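A.B. asks: First, the structure itself, so that you have it in front of you.
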Amino acid sequence: MSNCAIVGINWGDEGKGRMVDYLTDKYDIVVRYQGGGNAGHTVINNSGKFALHLIPSGIFRKGVVNVLGNGVALDPENLWQEMCSLTEKGVSVTPQNLRISERASLLMPWHRDLDALEEERLKDKKYGSTKQGIAPFYSDKYQKKTVMAGELFYPDELRSHIKDILEWKNLTISNVYGAEEYTMEKIEKWISDYCEKIKPFVCDTASFLRNAQEKGKNILFEAQLGSLRDLDLGIYPYTTSSNTTAAFAPVGSGLTTAKIDDVVGVVKAYSTCVGEGPFVCEMFGEEAQKLRDAGGEYGAKTGRPRRVGPIDLVATKYGVEVQGATCIALTKMDVLSSMEKIPVCVKYSIDGKETDKFPFPTLLGGAKPVIEYVDGWNCDISGVRSFSKLPKQARNYVKMIEKAIGCRIGYVSVGPERESMIIR
Ligand code: GDP
């Protein structure tokens, strides 16, 4: 038996989904343990091209059981739509291969509204939320003001619980934001349109996982976003509202005794960031647009252009440390193929002093990137399948990153397809 967590090292969108898709043939179970449908994994395999938001990327492998743990933000509406779009493309989604924790809290319809209303109120000080309701959802969860999926099995208690919450929530909706209050009728419709649809998938996943662990099954834990978006250890307040680190996997999955043997940290060969907040290595203008287009850096959920920059060794080293990564998967190496010289952010300069230590978030605003250039390889590497066959400059690029971040790079991805992978 061996357990593994696949996590993002940077700001998210590193290519975790393709790594889970690639590695799932070694695992019996894939568990999403935090976050919601606010970001997306893009997976390309022999079934087609898919944008997954909440459903674990193990859904494409026969025999793999996918679990949504108690730590996720369970949005019944988005989840049902995601399930339908997979089924329409011929992917089987059944209560056998998708199980939802009865302890996962429900993202209620007003969470999305409140997210949008608060971003509107903040105007130019907004956080760049995807408006999927994640921050209001987690705030309410910690205030104990939402309901758990398992309550769907107790309709009378559920309605009386929601009624109480609604009374409280409407105070904020109308008094703070001046928006239209929710009615119980509206919520009844939401329950029957979406919650009833996902109900057959809801079960006691914690005991399922404990049993699986006893039987020696291999479990893969799949995270959303990356280290720098971790609520506690990221670039607060420009983080997400959950813990994106591997350390949260035992709690968010419900398998509190899980021992995680391997932490595969996914790093992109350059940097991207969605939304607001400090992004020290950011590039602008034509150079940025070229990289953005070469990498197709537009959000899977929102279509928003991602901010781009060279690989940031300061942030990446920090990300590796907080994830406790045991191995790195370096993705999108092929995207850099047309660059003669490749910029690398090797240090930050803060108040005229250079440092390779990732600073306290408040200092990030004044940090400047220290850029060095390394030789590019200037040829198509997407067909290469062994490290020794990569051009020398590409091998040097990998080794340079490995040395700076202090973690072995075990996988180099050279294309979005399942097999476009070099194992070292
Ligand atoms: P995730 O949220 O971490 O899974 O990342 P996303 O799915 O948002 O972004 C990764 C994007 O890069 C997806 O469109 C993938 O298909 C694509 N991708 C992943 N690895 C590679 C690679 O090695 N090369 C190229 N060209 N694209 C890749």
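The values are calculated or read from the model by the stated rules, or taken from the named source; none is laboratory data. Every value quoted in this text rests on a predicted model; they were computed, and no experiment measured them. Virtual Cβ from ideal backbone geometry, glycine too; neighbours counted across all protein chains shown. Side chains are part of the model used for accessible areas, which takes the heavy atoms of the whole protein and leaves out ligands, DNA and RNA. Shrake-Rupley method; radii C 1.70, N 1.55, O 1.52, S 1.80 Å.
A.B. asks: Relative contact order for the range 1-87 using alpha-carbon pairs under 8 Å, separation at least 6, rounded to a whole percent? Mind showing how you got there, number by number?
C.D. replies: Details: 124 pairs, mean separation 25.4, N = 87.
Rounded, it is 29 percent for the range 1-87.
A.B. asks: Evaluate the charge dipole of the chain about its Cα centre and quote only its size in Debye, nearest 20, assuming +1 on the Cβ of each Lys and Arg and -1 on the Cβ of each Asp and Glu.
C.D. replies: Taking the Cα centre of the chain as origin, the dipole is about 1140 debye.
A.B. asks: Further question on the same structure: Expressed as a rounded percentage, what relative contact order does the range 266-423 have, with Cα pairs under 8 Å and six or more residues apart?
C.D. replies: Values: 285 pairs, mean separation 40.6, N = 158.
In percent, rounded to a whole number, it is 26.
A.B. asks: About its Cα centre, how strong a charge dipole does the range 109-198 have in debye, to the nearest 20, once Lys and Arg get +1 and Asp and Glu get -1 at the Cβ? Intermediate results must be reported in sequence, preceding the final value.
C.D. replies: On the way: 15 positive and 18 negative charges, 74 e Å.
With Lys and Arg at +1 and Asp and Glu at -1, about 360 debye.
A.B. asks: Shifting gears a bit: Per residue, how much accessible area does the range 58-187 have with a 1.4 Å probe, in Å²? Spell out each step's value before the answer.
C.D. replies: Details: 6500 Å² over 130 residues.
Dividing the accessible area of the range 58-187 by its residue count gives 50 Å².
A.B. asks: As a test of the definition: which semi-axes, in Å, follow for the range 266-423 when you take the square root of five times each eigenvalue of its alpha carbon gyration tensor? Largest first, please. Mind showing how you got there, number by number?
C.D. replies: On the way: eigenvalues 119, 68, 47 Å².
After diagonalising the Cα gyration tensor, the semi-axes are 24, 18, 15 Å.
A.B. asks: Further question on the same structure: Take the Cα atoms of the range 334-378, find their three principal axes, and give me the spread along each one in whole Å, biggest first.
C.D. replies: On the principal axes, the range 334-378 reaches 38, 17, 14 Å in Cα extent.
A.B. asks: Check V31: other-chain or 5+ apart residues with amide H under 5 Å from its amide H, H built from backbone geometry?
C.D. replies: Residues meeting the amide H criterion: V67, L220, F221, E222.
A.B. asks: Moving on to the next point. Between A294, A246, A325, which gets the highest mean-square fluctuation from a Gaussian network model of the chain, Cα cutoff 10 Å?
C.D. replies: Highest fluctuation of the listed residues: A294.
A.B. asks: Here's a follow-up. Over the chain, what is the percentage of antiparallel beta bridges among all DSSP beta bridges, to the nearest 5?
C.D. replies: Counting only bridges with both partners in the chain, antiparallel ones make up about 40 percent.
A.B. asks: Per Stokes-Einstein, at 37 °C and 0.692 mPa s, what whole-number D in µm² s⁻¹ belongs to the range 109-198, with the Kirkwood radius over Cα pairs as the hydrodynamic radius?
C.D. replies: Details: Rh = 14.0 Å.
For the chosen part, D equals 235 µm²/s.
A.B. asks: Rank-order 410-421, 146-157, 12-23 by packing density, defined as the average count of other C-beta atoms within 10 Å over each peptide's residues, highest first. Working shown, then result.
C.D. replies: On the way: 410-421: 18.8, 146-157: 15.9, 12-23: 25.9.
In descending order of packing, they fall as 12-23, 410-421, 146-157.
A.B. asks: Per DSSP H run of n ≥ 4, the term is -39500 (n - 2.57); total these for the chain, divide by its residue number, and report the mean residue ellipticity at 222 nm rounded to 500 deg cm²/dmol.
C.D. replies: Working: 12 runs with 122 residues, N = 424.
So the helix-based figure for the chain works out to -8500 deg cm²/dmol.
A.B. asks: Let me ask something else. Of A315, A404, A269, which is the most mobile in a GNM of the chain whose springs link Cα atoms less than 10 angstrom apart?
C.D. replies: With Cα springs under 10 Å in the chain, the top fluctuation among A315, A404, A269 is at A404.
A.B. asks: Per 20 Å bin, what is the whole-percent P(r) computed from every C-alpha pair distance within the chain?
C.D. replies: Using 20 Å bins, I get a P(r) of 27, 56, 17, 0 for the chain.
A.B. asks: Give K217/K357; K145/K197; K141/K186; K131/K189 a once-over and call out the pairs whose C-alpha atoms are over 32 Å from each other.
C.D. replies: Values: K217/K357 39 Å; K145/K197 23 Å; K141/K186 21 Å; K131/K189 22 Å.
The pairs that break the limit, which is 32 Å between Cα atoms, are K217/K357.
A.B. asks: Evaluate the relative contact order of the range 109-198 (contact order divided by residue number), counting alpha-carbon pairs under 8 angstrom at least 6 apart; express in whole percent. Mind dumping the intermediate values first?
C.D. replies: Details: 56 pairs, mean separation 18.9, N = 90.
With pairs under 8 Å counted, the relative contact order is 21 percent.
A.B. asks: Just to confirm my understanding: which cysteines in the chain have no other cysteine beta carbon less than 4.7 Å from their beta carbon?
C.D. replies: Unpaired cysteines in the chain: C4, C84, C195, C203, C273, C327, C379, C407.
A.B. asks: Considering only protein heavy atoms, what per residue accessible area in square angstrom results for the range 213-262 with a 1.4 angstrom probe?
C.D. replies: Details: 1950 Å² over 50 residues.
Averaged over the residues of the range 213-262, the accessible area is 39 Å².
A.B. asks: Ignoring any ligand, DNA or RNA, what whole percent of the accessible area of the range 109-198 comes from carbon and sulfur when the probe is 1.4 angstrom?
C.D. replies: Summing carbon and sulfur atoms, their accessible area is 51 percent of the total for the range 109-198.
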